[in-house]
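Accompanying notes for the structure given below.
FYI, it's all coordinate maths here, none of it is from the lab. None of these values were measured; they are calculated from a predicted model. Cβ sites come from the backbone with ideal geometry, for glycine too, and all protein chains shown count toward neighbours.
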Amino acid sequence: MIGRRESVSGAHFAFTDRWGGVSAAPYEELNLGGAVGDDPEAVQANRKLAAESLGLDPGRVVWMNQVHGADVAVVDGPWGTEGSPHGRGRERGSAAPEADAVVTARRGLALAVLTADCVPVLLADPVAGVAAAAHAGRPGMVRGVVPAAVRAMVRLGAVPDRIVARTGPAVCGRCYEVPEAMRAEVAAVEPAAHAETSWGTPAVDVSAGVHAQLDRLGVCDRAQSPVCTLESADHFSYRRDRTTGRLASYVWLD
């Protein structure tokens, strides 16, 4: 269920795999995404299972309506729902905005990001008590969602060289094949994302691009998951399966 968990000075980071939930094929088992066609009751049950396995209150987890952009939402509590997925990923009765990063200065409030090949980016300054979660796909990385999240953290008192950054399972540069023109367009914005597949065709390495952005921002304490979602049968991959579930990554501070 929880594929990886780490704690650093009161900052907690957790990344799910696809097992231990109640969803049926093709979303088996621990689908946490509410916008992929799965039974909403199954997704709600999965979110409850995942949160409780981390010692979190499921109703105190902040989710986003992710759109591959660079908008950041600053929050001090949930969106006024119990986290029940509804419709196209929106929370029932929720005021949750379309955003691809969420930032908080509220200790104990968990932030979550959904992915199935994109890069989940978790950030925390344990001294300032500021945390962030960002959804960095290729478009979001190019548009600067991660720098935007860091800037929002700094406005709340975070200091870049105190920020701990962890990125989770994502499609790797050896597997993320794109047209040559797209690779050139991405590399013009972020040269570190220029990659080549294992079979010799143009590719993009979004994780490398994200870490290069964090490095330029002065975020030194960084770690990247070795898991490629496309290669791992233990993780959801949109590029591999198209109709599939979503992984969740969580960050919170004591």
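Charge dipole (Cα centre; +1 on Lys/Arg Cβ, -1 on Asp/Glu Cβ; no other charges) of the stretch 9-55 amounts to roughly 180 debye. Computed about the Cα centre, the dipole magnitude for the chain is approximately 380 debye when only Lys and Arg (+1) and Asp and Glu (-1) carry charge, each at its Cβ. Measuring gaps between exposed loop sites in the chain (chymotrypsin sites (Phe, Trp or Tyr not before Pro); DSSP loop; at most 15 other Cβ atoms within 10 Å), the longest gap, sites not included, is 20-198. The stretch 32-50 and the stretch 211-228 have Cα centres spaced 30 Å apart.
Computed over the chain, the per-residue total of -39500 (n - 2.57) for DSSP H runs of n ≥ 4 gives a 222 nm mean residue ellipticity of -6500 deg cm²/dmol, rounded to 500. Taking each residue as 0.36 nm, the span from residue 188 to residue 53 lengthens on full extension beyond its C-alpha to C-alpha distance by 44.4 nm.
If you plug the beta carbon distance of residue 127 and residue 180 into 1/(1 + (r/R0)^6) with R0 = 35 Å, you get a FRET efficiency near 0.20. Of the trypsin sites (Lys or Arg not before Pro) in the stretch 193-249, the ones in a loop by DSSP (not H, G, I, E or B) with at most 15 other beta carbons within 10 Å are 242.
Where both residues lie in the chain, what percent of DSSP beta bridges are antiparallel, nearest 5? Just about 75 percent of them are antiparallel. For the pair residue 71 and residue 5, the difference between a 0.36 nm per residue extended length and the Cα-Cα distance amounts to 21.1 nm. Rounded to the nearest 20 debye, the dipole size of the stretch 142-254 about its Cα centre is 360 debye, using +1 on the Cβ of Lys and Arg and -1 on the Cβ of Asp and Glu.
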